[in-house]
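Presented below is the structure to which this report refers.
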Amino acid sequence: MPRFSVIVPSYKVQAYLPACLESVLSQSYEDLEVIAVDDRSPDVCGEIVDEFAARDPRVRPVHLARNKGVGQARNAGIAEATGDYLVFLDGDDVLAPHALRAIADRLKETGEPDVLVHGHALAHWSGETVPDAAAGLLTEQGPAPFRLEDRRGLLRVPAAAWNKVCRREFVEREGFAFPAGSHEAVAWTYPVLMAAESIATLDRVCVHHRQRRRCVPAQAGPGCPDHFDVFDQYDRVFAYVDSRPELAQWRPVLFRAMVDELAALFTGRGRLPRGSHAEFLKRARVQYRVHRVPGHPVPPRSRLRHALIRRGLYRSYRLVELAKRISHRTTRPVVRLADSLRSAALRLHYRVQLRLPLRADRAVFAAYGGRGHGCNPGALEEAFRAFAPHIRTAWIARPEHHHTIPTATRRLTPGTAAHWTALARSKYLVTNDDFGRPLVKRPGQVLVQTQHGTPLKHMGLDLLERPAAARDLDFEELLAGVAQWDHVLSPNRHTTLTWERVYPGGYTTLPYGYPRNDVFQKATSEDVRRLRESLGIPEGTVAILYAPTHRDYRRTQRAALDLDRFLRRLGPRFVVLARAHHRHGGPLASPAPARVVDVTDHPSVEALCLASDALVTDYSSLMFDYANLDRPIVIHAGDDDHAAYEAARGTYFDLRSFAPGAVARSEDELTDIFATGHWRGSRSTQLRSAFRERFCPYDDGRAAERVVRHVVLGETDLPPVTPLSDRHPVPSAAATLDHPPLPTVSR
C-alpha cells in the first residue's frame, strides 16, 4: 500500500501532461502511485498516459469509455486508489519539487489528519507565477490538527481539489464523490472540510496550478466552463448541510461564500457568455432567497455585492463601482503629492536642525525600531534619570506603544518634526537597533549601541554566507551604520569578540554587562509575588516561560511544542507563560489552551523571567539573560530542527554540547524532564553553573550605572563587578516550595 495515490485526470492537456506526470514521478518522496485517468480525450493524452505507465510501474492508466468531466474522472481514480492519502492534480498542473516529502512530514507531525490543506501558486499563461492571495490562512500557528471550528478562515481558501490532501479511509467512510459539472470542487470542498474530524495546514507552495487563457466566447461553447453550473453545486452543498443538523452553524458562512462567488462571476469581465447576464442574475436572485439565513447580518464590506444579487441592482452596482474607481484614481495622486510634500518639508526641517547647536543636556532613546520602552535602552533611560538627572530624556516609539513610556520621559512619534529635531540636536543617542535612515551623526554626538542579546546565532557579516537568514540585508548600509557607533555594550567575552568581528568599526566596547539584567539582582520576593499575581499564575504552581526564537528560513512561524498536550501530560501543578518572538506575528497557540498564559505582548520580558520558575527555549538569546537568575533552563531542540537551524542560520557553538541545563530532543523528552524533576536536578545545576561562569561575568546589577558614569559623567573609577559567588538573585516562587510529587505522565 503506497503512502500517496496521486490522481491526475486529463482532457485536452497533451501539451502539459508530460510535465505534470514528470513532476510527480521525480519527487524525492517515492512511496506513491499515479492514477492517470484519460477522460476520453480527443488528443494524445491517452497515449501519453500509456507511455508513462510502460516506463514506470508506479503509473496506473485508466481509460474512460466516454468523456465524463473532471469530477467523474477523479472519482474513477479514487475507485482505483490504494494509497493512504489522495492527492489531486489537474493534468496541466505541476507538483513542486519535494512537495510530497513536505506533505508526508507534515502529516506525520500532525498525527495523520483527515485533511491537509497546502499552499499553491498560480502559473499564468504569460509565465508569471503568483502565490495564492489566501496563503496567509495556512499559517502553522496554534495546535494541529484542529477542526474547522478552530480555523474558520480556511473556508476562504479556494474551493479546489488540488490544494488538499485527503485520507482515503475518511473519503470512503463519508462516501464523498465529485459531482458532474464545471464547479464540481465546490460540492466537494465544503462538505470535506466540515466533516473532517482533524485538519492540518502546510504553509508551503506544493502545486503550481496553471491558469489557462480565459475563454471569452460570444456564446457558450465546447471548452468553455458552464458557470450556470455553480447554482447546482451550491444546492448540493446546502442539501448536505440540511442532512446533518450538527452542521447548521455553517449555513450563514456558506451563504456569504456563495454570494461572493456569484457576484464575482456576474461582474467579472468575460466570465459569462454575452447575453446571458440577465438570466444569470435572475437565477442568482432565486438562489439568494432560497438559501438566505434570516437574522444573520451582512458584513459591511459585502453589502454592495448582496444588494446586487438580492435586488438585481446591476446598473446601480456599476455606477457605484465606477464612482469608486474614479475616486480611487483621483485620491491616490493627491495623497502621493501630499506625502511627497510632507517628506520634503521634514527633510528640509532636519537639515535646518542639523545646523543648530547640539543640546548637551538631551538624550534620545529607541528600541526595536519604534517599539515601547524596554530592553537595554529602557534600563539606560532610567539610569540617565537616576545618575545624570540634568539630562532630559526622550523616547521614540509608535503611538500604540506610548503607554509604556514613563511620564518623566518625553514621547516622540517616528517621522514627526519633533522626532527629527531630537535626532539632530540631542547629544546622546541610545538604541538596540538603529534610528532609521538617513541619520546624520554630527560631531559631538555620542551613539551608544546597546545590542539586545548574547550572540548564539550568526550575526552581521557572518550572514554573508547565510542568504536564507540574511534575506534582503544591505551589508553596505549595515557597515555605514556601524561606522556611526561610539560605544557598544557587551555582557561577556564571547560577545565582545563576536561583535568586533562581525560589526567591524572604530567604536569602543564597554564590557559592563547588559543594563536590562540589572533588575534580576535588585528584585525582591515581593516583586516576584506581585508579578505572578498580575499574570494570574496560581499559587503553588510551577510557571514555565516558553520562549522559542524566530526562524529566518520560514515565511511563517509555528511552535514546535504542543502546549495543550504538554500540560495535560504534566498535570495541574504546571502552567506555561507562552511568549512568541516579536517578529512571530501572533501568539504561539490560538486559542490558548487551559493553563497557558499568552504573554507575547507583555511589555517586559524581564518581568516574565522574574515571574517564572524555569525557561524552555531553543536558540533564543534570552537564555543568556535568564541564566543571571540562576534558575533552571531547558533546551528543546529536535534533531531535524537543529539541522535546519544550523543550515539556515548557524550558531557560534554547539548549544546542545554546552547547554545551560537539560536538553530535550523531542516533546516526550521534554515532558519527562519536568515529570522526573530533572529540570532542577543536580546535573542541570552543574551545567547552569558552567554556563553562567562563561556568559554572566558582568551582570551584577550595576551595568547601567557603569555605562552612565563612564559615557555621560566621564568617570573612570567605576563600581567593581561583584563576583558570581557573591551574587544573590531573587529565588523563584517554586524554589521556596517543597518539590511536588511526580505527576503521572500519560502516553
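The long axis of helix 682-695 is offset from the longest Cα principal axis of the chain by roughly 70 degrees. Ordering 148-158, 96-106 by mean Cβ neighbour count within 10 Å, with the highest value first, yields 96-106, 148-158.
Note on ILE326 and ARG101: the model spin-label points, each 7 Å out from Cα along the C-beta direction, lie 5.8 nm apart.
In straight-distance terms, cross-link reach from LYS68 covers every one of the lysines whose alpha-carbon lies under 20 Å from its own, apart from those fewer than eight places away in the same chain; here that gives LYS12. May I ask for the distance between the Cα centers of region 411-461 and region 245-306, given as a whole number of Å? Each part's Cα centre sits 53 Å from the other's. Summary value for region 121-178: 22 percent relative contact order, contacts being C-alpha pairs under 8 angstrom separated by 6+ residues.
Computed with a 1.4 Å probe over protein heavy atoms only, the accessible surface of region 587-701 comes to 33 Å² per residue.
Projected onto its three principal axes, the C-alpha set of region 131-189 covers 35, 26, 18 Å, listed from the longest axis down.
In order along region 623-629, phi translates into HN-Hα couplings of 4, 5, 6, 4, 4, 5, 7 Hz, rounded to whole numbers, per the Karplus curve 6.51 cos²θ - 1.76 cosθ + 1.60 with θ = phi - 60° and x for Gly and Pro. If the segment from VAL44 to GLU174 were pulled out straight at 0.36 nm per residue, it would be longer than the present Cα-Cα gap by 43.3 nm. Relative to the current alpha-carbon distance between HIS277 and ARG55, full extension at 0.36 nm per residue lengthens the span by 75.0 nm.
In degrees between 0 and 90, to the nearest 10, how far off the longest principal axis of the chain does helix 639-648 point, with axes built from Cα atoms? Approximately 80 degrees, to the nearest ten. Report note on the peptides 85-92, 278-285, 256-263, 337-344: ranked by the mean count of other C-beta atoms within 10 Å, highest first, their order is 85-92, 256-263, 278-285, 337-344. Counting only protein heavy atoms and a probe of 1.4 Å, the accessible surface of the chain is 52% carbon and sulfur. Taking max minus min of the alpha-carbon positions on each principal axis, region 332-417 gives extents of 50, 32, 19 Å, largest first. Computed extension gain for ALA133 through VAL440, at 0.36 nm per residue and net of the alpha carbon distance, reaches 106.5 nm. Here is the size of the chain from its Cα atoms: Rg then Dmax, 30.9, 94 Å.
The C-alpha atoms of the chain define a longest principal axis, and helix 45-55 lies at about 60 degrees to it. Dividing the convex hull volume of the alpha-carbon atoms in region 588-710 by its residue count gives 149 Å³ per residue.
The values are calculated or read from the model by the stated rules, or taken from the named source; none is laboratory data. Just so you know, these numbers come straight off a predicted model, no measurement behind them. Don't worry about glycine lacking a Cβ; one is built from the backbone with ideal geometry, like all the others, and counts go over all protein chains shown. Each accessible area value is taken on the protein alone, full model and side chains, heavy atoms only, with ligands, DNA and RNA left out. Shrake-Rupley method; radii C 1.70, N 1.55, O 1.52, S 1.80 Å.
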